[in-house]
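Bear in mind these aren't lab numbers, they're just calculated from the coordinates by the rules spelled out. Since the structure is predicted, the reported quantities are computational estimates derived from the model, not experimental observations. Heads up, the Cβs are rebuilt from the backbone with ideal geometry, glycines too, and the neighbour counts pull from every protein chain shown.
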Amino acid sequence: MTFRVLDPTPEKAPPVGQLAPRLATLQGKTIGFISNGKEGTKGFFAHLDRMLREEHGVAKVVSRTKSNYSAPVDAHIAAEIRNWDAVISGIGD
Amino acid sequence: MHLASRTYDIDDFWAVQELFHANGWTDGLPIVPPTQEAVSACLEWAMADPAQLVGIEPVRGVAITAEKLAINAVMAGCLPMHFPVVLTTFAAMLRPDFLLHGATASTGGCAVLIVVNGPIRLELGAAGAFNALGNSDRATAVIGRAIRLCLINLMDVRPGAIDRSTLGHPGKFSYCVAEDEEDTTWLSLAEQRGIPKEASAVTVMAAGAPRQIMNEWTTRPEEILETFAAEMRANLRHYSIHPGNYALIIPKQLREHLQAAKWSKTDIANFIHERARIHRREWAEVGKGAVVRDRGDSVYPAMESPDQLLVVAAGGPAGGFGAVIPPWLGNKSHAVTVPIGACIDCEPPKK
């Protein structure tokens, strides 16, 4: 017996965001960190902050932490992104 | 009825199984082949247009249509009469309070507990007595499974993909219970949450595995409920200190003692709220001293308020057992209750 069966998946890929233009240099730039707030993020971002400033000449690092690590970023943090040259988002698992 | 999904012509039943397994479209168990006839029958029963947009998954922007839910419901073994419950359950999970992405992606490994209330339970033969949290009946088995297949296939909630669970639990195959409304004097869970008795409803909760308790050596409500509260305290100590929705499943034997003493669900919730709480310093007793810090005297209740407790009458007639079902992670996800079949335009779709 032949079956004609239907595809159970969405078929259409969900809309994807576009990557921002890559930076030619980190020198003098402002970099934003968005942490999900888990325990493992503290050491990671502290180390990255030091690396970016000391080894790559980053002018300023802005650190923000989501209020709920399982939810999308808070609107007020998203609104700040336009003031940064690049964003690094990290999870602590 | 016009269905938009891609079709595959497959030689036989076993080849269908292999196609679906090879594509990662199953939960590891065999599926019912989702044919056009079976899927259309589900949609017609629910008076849902195939293109009906049930919602958009908020993090990745996936459009959830009635057609795709129906395909997965058929695969799970649903009959058309089960489909309205699946449709409503997924709509409930899409409410922002449920935090669907977090609840299904988290390493915490929770499942979606579905509690069915109202007259539809009787129409479906959804049983809330023997083996209520296990394989009690066809309806709850296939409805719970349908939700998992929908998550797998519509949102890529596959192990190692969106589903990052460390352990998960058996409820991720199916986790649906019907309340035993006929054998209790209590208001149903849905009534407690504002749904009229005549309406059917589903409540969804991002839930850990059931923790079973036993106390058949007392008839006093305070002592019975102290055992439930102790299990909740154990969860606060061993798992998570965050307050949120807990469910208590109370079978007939213990329920009758509570009802005989005229304790309502609200009375139970008030008592549990007072008793299910710990001091942060207790974490030091279970190996978590590192996070007590200087807050040892702080008190952590299992719930922010008594109305976060979901009390469900269900279980077989004998046995002094009960179950505590803990939240995935406190208030990050909230239980949501939605009536079934409440709509603003109930005209059947055009053929």
For the stretch B:210-325: relative contact order, % (alpha-carbon pairs under 8 angstrom, 6 or more apart): 46 percent
Give a residue-ordered list of calculated ³J(HN,Hα) values for the stretch B:188-198 (Karplus: 6.51 cos²θ - 1.76 cosθ + 1.60, θ = phi - 60°; whole Hz; x for Gly, Pro). 6, 4, 5, 4, 4, 9, x, 9, x, 4, 6
Nearest-ten-degree value, helix A:39-56 long axis tilted from longest Cα axis of chain A: 60 degrees
Expressed as a fraction of 2.2 N^0.38 Å, the rule-of-thumb size for a compact globular protein of N residues, what is the C-alpha radius of gyration of the stretch A:37-90? 1.19
For chain B, built as a Gaussian network whose Cα springs stay under 10 Å, the top-fluctuating residue of B:Lys197, B:Lys332, B:Lys288: B:Lys288
Pairs on different chains or at least eight residues apart, Cα atoms closer than 29 Å: how many lysine pairs in the stretch B:190-310 fit? 5
Counting helices only, and only those DSSP H runs with n ≥ 4, report the 222 nm mean residue ellipticity of chain B as the sum of -39,500 (n - 2.57) divided by its residues, in deg cm²/dmol to the nearest 500. -9500 deg cm²/dmol
Over the alpha-carbon set of chain B, work out the extent along each principal axis and list the three values in angstrom, largest first. 63, 45, 38
Could you work out which residue, out of B:Arg121, B:Arg293, B:Arg164, moves most in a Gaussian network model of chain B, that is, has the largest mean-square fluctuation with Cα springs under 10 Å? B:Arg293
Going by a ≥ b ≥ c, the root eigenvalues of the Cα gyration tensor, does chain A fall in the rounded group (a/c under 1.5), the prolate group (a/b larger than b/c) or the oblate group? prolate
The stretch A:37-90, relative contact order in percent, only Cα pairs under 8 angstrom and at least six apart counted: 31 percent
Equivalent-ellipsoid semi-axes of the stretch B:21-88, from the Cα gyration tensor, Å, largest first: 18, 17, 10
For the stretch A:70-75, take each phi angle, set θ = phi - 60°, evaluate the Karplus expression 6.51 cos²θ - 1.76 cosθ + 1.60, and give the result in whole Hz per residue in order, putting x for glycine and proline. 9, 10, x, 4, 4, 4
Quarter of the Cα convex hull surface for the protein assembly as shown, i.e. its orientation-mean projected area (nm²): 25.1 nm²
For B:Val54, list long-range residues whose amide hydrogen, built 1.01 Å from N in the peptide plane, is under 5 Å from its own amide hydrogen. B:Ile64, B:Thr65, B:Ala66
Tell me the net charge near A:Ser67. Cut-off is 12 Å between Cβ atoms, A:Ser67 excluded, with +1 for each Lys or Arg and -1 for each Asp or Glu. +2
Diffusion coefficient, µm² s⁻¹, Stokes-Einstein with Kirkwood Rh over alpha-carbon pairs of the stretch B:210-325 at 37 °C and 0.692 mPa s: 226 µm²/s
